Amino acid sequence: MSKDKRNKSVTAYMLSFGLFTIIFGPLGDRYGKTKIINIGAFDAGIFPVTLALV
């Protein structure tokens with residue numbers, strides 16, 4: 001893997017981590033962290049299957 005691709009993947013990870021922290025942090029405080037984690041785990045399992053069928 002080239003250095004440019006590694007840098008882009010690290011940048012994409014950090015941007016998404018920061019964005020989702022800003023979005024889901026307050027939701028976790030409001031509705032409970034367990035509920036938000038379960039929703040995220042469910043979505044992480046369903047989305048790849050859904051995209052594989054498209």
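Treating the beta-carbon of each Lys and Arg as +1 and of each Asp and Glu as -1, no other charges, what is the dipole magnitude of the chain about its Cα centre, to the nearest 20 debye?
Charge dipole, the chain, about its Cα centre: 180 debye, nearest 20.
What distance in nm lies between label points placed 7 Å from Cα along the C-beta direction at Ser16 and Leu53?
2.2
So for the chain, taking the charge dipole from beta-carbon charges (+1 Lys/Arg, -1 Asp/Glu), which of Ile46, Phe17, Gly28 sits furthest toward the positive end?
Of the options given, the answer is Phe17.
Go ahead and collect, in residue order, the members of the range 2-28 whose backbone nitrogen is under 13 Å from a label point 7 Å along the Cα-Cβ direction of Ile39.
Within reach of a label on Ile39, which here means backbone N under 13 Å from a point 7 Å along Cα→Cβ, the range 2-28 contributes 23-28.
For the chain, how big is the tail of P(r) above 17 Å, as a whole percent of Cα pairs?
57
Taken together, the values in this text are just the output of simple stated rules run on the coordinates, not laboratory data. Source: prediction; values computed, not measured. Positions of Cβ are backbone-derived with ideal geometry, glycine not excepted, and every protein chain shown enters the neighbour counts.
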